[in-house]
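The values are calculated or read from the model by the stated rules, or taken from the named source; none is laboratory data. In this text the structure is predicted, and so the values were computed from the model without any measurement. Neighbour counts are summed over all protein chains in view; Cβ atoms, including those assigned to glycine, are modelled from backbone coordinates with ideal geometry. For the accessible areas, the whole protein counts, side chains as well, though only heavy atoms, and no ligand, DNA or RNA atoms are used. Shrake-Rupley method; radii C 1.70, N 1.55, O 1.52, S 1.80 Å.
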Amino acid sequence: MTRVNRCMMFVPINNPRFVEKAWTRGADAIILDLEDSVPMSEKERARALVRETIPKVAKGGAAVFVRINKEFIQADLKAAIWPGISRVIVPKAQTSDDLRMVDALITKLEKERGIEVGTIEIFPLVESALAIANSYDLATASPRVKVMPDGWGYDTALDLEIEMFAGFDQYVYMREEPTLAEMAAGVEAMGAPYIPGTSGKVDQKEEGKALADALRQLHIHENIILHPALIEPMVTGLVPTAEEVAWAKKVIDVYEELEQQGESAAEAGGKVVDVYEYQNAQELLRWAEACAAKDQHKARAVARAQSEQAPASNPPSDVKRV
Amino acid sequence: MNTPAIRRSWLIVPGDEREPIEYVRKFQPDVLVLDLEYTVPPRRKEEARANLGNGIRSLAQCPSEVFVRVDWKTRWCDVKATVCSGLRGIVLPGAEREEDIAEIDRFISECEQTAGVIPGSIELALILESARGLWNALNLAKASPRITTLGVGRVDLTMNLGLDPEGDFRIYPYLMSRVLTIARALGKQPLGAHWRQGSRGGTASPEQTLEAARRARFEGFTGCLCARPEQVAPVAEGFTPTKDEVNRFTYILERFEKTKKTGQIYVDIDGRLYDSAKAQAYRKLLTFAQACARRDDDKSYFGKAEVKQ
């Protein structure tokens, strides 16, 4: 199945309230966070929770990822690599050596714990000047790197002393240099386009919608969110619209007819239809189908989870009569 | 060369076209690019290759410089069919590795020898179309001394990068800057236009084309490929300093020279300061504008003279 992670939501693993509710939110993927949302004093307790937390947050059909600490790679991976985890978020990756070490450790743990070797992805976060400069090396450091973000973000701002949300785009180079490197390396680029007027508040639904629109138009399929309010805008906004699907189907029809006539390009509705547009249209339909499949998968999982819960909390009425 | 090469419009004409000179008469591009790539359907490619020598010879006396665009997939037979006297250079799209360029360079040398063309005289205009090619741009541009031009190939690029052709090209300004910087660093002509949404694949209106070219000039580019003949005029206009600009530069230079005589190192005109570096840049622009005007005169004279016959 095509990877569908329209919204990956961080969940602080040390907070039971967030953990218990996480599966009901509808995110495509849950990131169990061992890094920024866990204070130093609770790191060890957090690690011990990973294995039992995986099935809890997966109940709604979400994929489950984990974010480890740069400082505790070994301890965190040992605690986190269990069946059900499909991606490791590696923050503050700096050099390809960092990622090769993570790769080797994951391979060892996959073997020990009965997980098919090579199936767990590495998702490096580009969060510093050095990471941006090394972006091609990071993208090619391990075959486990399938998707990678650009250098936009909070940590990059700290490292480069950038003032975020100042009303203009300060990230042109930091965003596009890694993006180009990733594309050159054959890795899916998860960019964060500049949206004028973004406030920097993490719960703004309208801003989320604008971002989702931009992402969809740029064919960016993945996004990390920090607040559940953004789940709905991402899950719906990254799916091709009905008009986009209809246009794609038309392009395919027009092009296939052209091909039969031995022609290579035509105009339809004021737009060019050629082999590129044809490939684009096919890609769009594939993505739309993958999103639909993911939605169905999640809906079934939620229904199953609810029916399993129902008898325990609401015993059938005939039991009461006895 | 004392005067700058004026290569604003690079008009792509199908390689199987019988009378390419008609395009020179009618549209007067700075560079005529006989195409062996997209504009020729596969079943006519052989014929186009066979026809190419005649086409180039027929353009021998025309004021447009002649290039041939080869197809990356069939580059060996395309190059072989192309190299002859009268050919200025080859437009090479799709390269990604420096080894490939070095290989093509050697092959062109062989062809030059066979065809009796001055060794090393055939130029290469490198058009970068893929993420790999753009990432490697600096190494690619250094891979052959024949390379005189470095360009952004927008259609293929858009697809390879997976960008929505109708959306706002997030990465495009960055790629333009990247190619521009590398081209300028190595002394190559930067080729590209700031095409916007709705103007993909030659569907740009004359107004959109003018805007794309003008903006590209302000960004530092000096020419671009034209997918359609109607784009030649707006491209030439967009890449040429306007009359107003020329008048303004001339005025500022006069004022600067006068002020200099009084011992001042800069002149203040309406609150803006102009120093000798700025004056130097304006002199260069004026030389460029004059060269453009001469070039346009040559071409229009050719167009009229041929019509009279």
Exercise. Within segment A:174-197, is even one residue away from chain B (no Cβ under 14 Å) and open to solvent by 50 Å² or more (accessible area, probe 1.4 Å)?
Worked result: yes
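So which of A:R216, A:R304 ends up being in contact with a helix residue (DSSP H, G or I) (Cβ under 9 Å, 6 or more places away or on another chain), of a type outside the set (S, T, Y) and either away from chain B (no Cβ under 14 Å) or part of a helix (DSSP H, G or I) (or both)?
Values: A:R304 fails: in contact with a helix residue (DSSP H, G or I) (Cβ under 9 Å, 6 or more places away or on another chain).
After ruling out the rest, the residue left standing is A:R216.
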For this session: Would you check which residues across segment A:236-265 are within 13 Å of chain B (Cβ to nearest Cβ), more than 23 Å from the chain's Cα centre (by Cα) and open to solvent by 30 Å² or more (accessible area, probe 1.4 Å) and list them?
Result: A:E243, A:W247, A:E259, A:Q261, A:G262, A:E263, A:S264, A:A265
For this session: Search segment B:123-140 for residues being open to solvent by less than 10 Å² (accessible area, probe 1.4 Å) and touching a Ser or Thr at 6+ places or on another chain (Cβ under 8 Å), and hand back the single one that is nearest to the other protein chains (Cβ to nearest Cβ).
Result: B:L126
For this session: Please verify whether segment B:106-116 includes one or more residues that are crowded, with 23+ Cβ neighbours inside 10 Å and part of a helix (DSSP H, G or I).
Result: yes
For this session: Of the numbered conditions (1) touching a helix residue (DSSP H, G or I) at 6+ places or on another chain (Cβ under 7 Å); (2) within 14 Å of chain A (Cβ to nearest Cβ), B:L34 fails exactly one; give the number of that condition.
Result: (2)
Problem set entry | Close pairs from segment B:83-98: first acidic (D, E), partner part of a strand (DSSP E or B), Cβ under 9 Å, at least 6 apart | B:E96/B:L128
Exercise. Does A:R113 fit the bill of being farther than 21 Å from A:N5 by Cβ, at pLDDT 95 or above and among the charged types (D, E, K, R)?
Worked result: yes
Exercise. What about B:D78, is it without any contact (Cβ under 8 Å) to a residue 60 or more places away in the chain and farther than 20 Å from B:I12 by Cβ?
Worked result: no
Problem set entry | Single condition A:K294 does not satisfy, out of (1) open to solvent by 30 Å² or more (accessible area, probe 1.4 Å); (2) in a helix (DSSP H, G or I); (3) more than 14 Å from chain B (Cβ to nearest Cβ); (4) within 26 Å of A:V202 (Cβ to Cβ) | (1)
Exercise. What are the residue pairs meeting all of these: first residue in segment B:56-67, first residue in contact (Cβ under 8 Å) with a residue 60 or more places away in the chain, second residue in a loop (DSSP other than H, G, I, E, B) and not charged (D, E, K, R), Cβ atoms under 8 Å, and 6 or more apart or on different chains?
Worked result: B:P63/B:Q28; B:S64/B:Q28; B:S64/B:P29
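Look at A:L138 and say whether it is buried (at least 23 other Cβ atoms within 10 Å of the Cβ) and free of Cβ contacts under 8 Å to residues at least 24 places away in the same chain. Show your work before the answer.
On the way: buried (at least 23 other Cβ atoms within 10 Å of the Cβ): yes; free of Cβ contacts under 8 Å to residues at least 24 places away in the same chain: no.
When the stated conditions are applied, A:L138 does not pass them.
Would you confirm, using the coordinates I've provided, whether B:S58 is within 20 Å of B:G192 (Cβ to Cβ) and either open to solvent by 10 Å² or more (accessible area, probe 1.4 Å) or not hydrophobic (A, V, I, L, M, F, W, C) (or both)? Reasoning before the result, please.
Numbers: within 20 Å of B:G192 (Cβ to Cβ): no; either open to solvent by 10 Å² or more (accessible area, probe 1.4 Å) or not hydrophobic (A, V, I, L, M, F, W, C) (or both): yes.
It is false that B:S58 is within 20 Å of B:G192 (Cβ to Cβ) and either open to solvent by 10 Å² or more (accessible area, probe 1.4 Å) or not hydrophobic (A, V, I, L, M, F, W, C) (or both).
Is it true that some residue in segment B:235-245 is without any contact (Cβ under 8 Å) to a residue 24 or more places away in the chain and part of a helix (DSSP H, G or I)?
From segment B:235-245, those without any contact (Cβ under 8 Å) to a residue 24 or more places away in the chain are B:242-244; that's our starting set.
With the extra rule that they be part of a helix (DSSP H, G or I), the set shrinks to B:243-244.
There is at least one residue in segment B:235-245 that is without any contact (Cβ under 8 Å) to a residue 24 or more places away in the chain and part of a helix (DSSP H, G or I).
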Problem set entry | Conditions (1) at pLDDT below 95; (2) more than 22 Å from the chain's Cα centre (by Cα); (3) open to solvent by less than 30 Å² (accessible area, probe 1.4 Å); number of the one not met by B:V40 | (2)
For this session: Scan segment A:139-193 for residues that are within 19 Å of the chain's Cα centre (by Cα), in a loop (DSSP other than H, G, I, E, B) and farther than 20 Å from B:A131 by Cα and jot them down.
Result: A:R144, A:G153
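Would you list the helices (runs of 4 or more DSSP H) that sit entirely within segment B:16-84 and hold 1 or more residues that are of a type in the set (F, W, Y) and within 20 Å of B:V232 (Cα to Cα)?
On the way: elements: B:21-27, B:45-58, B:75-82.
Filter on segment B:16-84 gives B:21-27.
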